[in-house]
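Accompanying notes for the structure given below.
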């Protein structure tokens, strides 16, 4: 099992080694210690490997991930799993701003709280947050699912497209063109599967509310001019 101690090894060497992995690698389990808040740890991985990071990281941890399962035993800075395509990123602590931004696929689990703009411009990723999320989360969210077991801050789902937002707690306010929607059986099924994948067993899908696009801002309408910008 390869291991890197970032107190004595260069981050560039770690990422170079991870980028050299292929689908058929037998080096499937990696241990990273002493990340010390470093930026861009385990970015651009494209192999079915399991990476454990023991400590907190800085910006863009797990960004552009494909196939890998990356577990951070700590908290993460801005942009965790940014532009992820597939695989999983699991954060055992809290996440800073724009977690999962622009991500196209895969699963991001945050076992603590997430700060502002969680899921901004998400394009197909599934995000499950055990705690709360900050303001402007899911801004311009295009596709995928955002599940929040706690509360959501101001302007949730502002200018949202077709992403689905599920919030168990309170929502401080909804953004432009975001409305509460009914919960149908297929939505309960989506929730049930995502909660199971995230290892959350003490909450029920029936406890959530669903939010999404009112579809009034897809095309410019002068009657809704005050809602733009």
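Just so it is clear, none of the values below were taken in a lab; they were calculated from the coordinates. Source: prediction; values computed, not measured. Note: ideal-geometry Cβ built from the backbone for every residue, glycine included; neighbour counts use all protein chains shown.
Numbers below:
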{"quantity": "Part-to-part distance (alpha-carbon centres) for region 7-31 and region 63-116, which is given in Å", "calculated": "19 Å"}
{"quantity": "Per principal axis, descending, Cα span of the chain in whole Å", "calculated": "59, 37, 30"}
{"quantity": "Gaussian network model of the chain, springs between alpha carbon atoms under 10 Å - residue of 146, 14, 194 with greatest fluctuation", "calculated": "14"}
{"quantity": "Whole-Å semi-axes of region 25-106's equivalent ellipsoid (Cα gyration tensor)", "calculated": "17, 16, 9"}
{"quantity": "Helix 185-197 axis, angle to the chain major axis (alpha carbon atoms, nearest 10°)", "calculated": "20 degrees"}
{"quantity": "Residue of 179, 147, 72 that the Gaussian network model of the chain assigns the largest fluctuation, springs spanning Cα pairs under 10 Å", "calculated": "179"}
{"quantity": "The chain: calculated mean residue ellipticity at 222 nm from DSSP helix runs of at least 4, using -39500 (n - 2.57)", "calculated": "-3000 deg cm²/dmol"}
{"quantity": "Mean Cβ count within 10 Å, highest first, over the residues of peptides 127-140, 44-57", "calculated": "127-140, 44-57"}
